[in-house]
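Encoded as structure tokens, the structure appears first; notes follow it.
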Amino acid sequence: RRQPGLAAVLVGDDPASAIYVRNKRRACDEVGMFSETFTLPYMATQAALIDKLQELNADHRFHGILVQLPLPTHFDEYAVIETLLPQKDVDGLHPYNVGKLTQGRPDYIPGTPAGIQQLLVRNGYDPEGKNVVICGRSNIVGKPLANLLMNRRPWSNATVTVCHSRTRDLPERCAEAEILVVAVGRPEMVRGDWIKPGATV
């Protein structure tokens with residue numbers, strides 16, 4: 001049996017990104033997966049990163065590739081993600097994988113949304129039929145989580161509202177939530193007194 005392999009690509013020296021990648025590598029070691037981290041300097045070119053990803057696409061040791069985001073601002077993130085083979089895009093960010101998630105038949109579910117769904121279900125909060133409010137519309141958490149929870153699948157079938165920094169009536173929307181997910185990069189954007197008693201947060 002072949003050993004599953006994960007390639008992690010890190011550009012630059014952002015400390016938070018380095019920690020994320022190190023934790024992923026540790027998780028691979030714990031479950032017996034092969035993993036390798038490929039680090040490019042902060043000022044690497046777009047062409048150099050794309051060349052590295054094409055090399056990893058062709059490398060049969062790796063069944064999955066993740067590019068640690070965010071990339072430095074001089075990169076076109078969309079072009080970088082679209083370089084990945086969809087079947088190796090374990091974060092589920094390639095347009096092909098986003099489309100399949102939207103249709104309710106994903107090959108890969110982005111890790112954080114999948115984790116949120118599992119946290120709910122394993123603690124007895126099946127989202128089915130519930131009013132779920134998600135604060136945050138990122139491509140890595142908010143949007144895929146909304147698609148995941150409203151799909152016609154087990155542990156889904158929720159009524160989902162997505163809010164963000166431009167939502168005019170955010171306190172009212174949060175107060176309607178039976179399940180409230182806050183995935184924004186701003187402290188205290190959601191206040192405790194907005195939350196309905198008994199809601200799952």
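The values are calculated or read from the model by the stated rules, or taken from the named source; none is laboratory data. These figures come from a predicted structure and were not determined experimentally. Because the Cβ atoms are built from the backbone with ideal geometry, glycine has one as well, and the counts that use them run over all protein chains shown.
For the reader, a short list of remarks on this structure follows.
- Checking each residue in the stretch 26-65 for being out of contact with any strand residue (DSSP E or B) (no Cβ under 8 Å at 6 or more places or on another chain) and crowded, with 16+ Cβ neighbours inside 10 Å picks out only Ile50.
- First in the stretch 39-55 and part of a helix (DSSP H, G or I), second anywhere and among the aromatic types (Phe, Trp, Tyr), Cβ under 7 Å, 6 or more apart: Gln46/Phe75; Leu49/Phe75; Lys52/Phe38
- Residues (surrounded by fewer than 20 Cβ atoms within 10 Å (Cβ to Cβ) and at pLDDT below 95) located in the stretch 110-139: Gly111, Thr112, Ser138, Asn139
- Per-region count, the stretch 149-189, residues more than 29 Å from Ala16 (Cβ to Cβ), small (Gly, Ala, Ser) and over 21 Å from the mean Cα position of the chain (by Cα): 1
- In the stretch 56-72, of all residues being aliphatic (A, V, I, L, M) and not in a helix (DSSP H, G or I), the one that is nearest to Lys24 (Cα to Cα) corresponds to Leu66.
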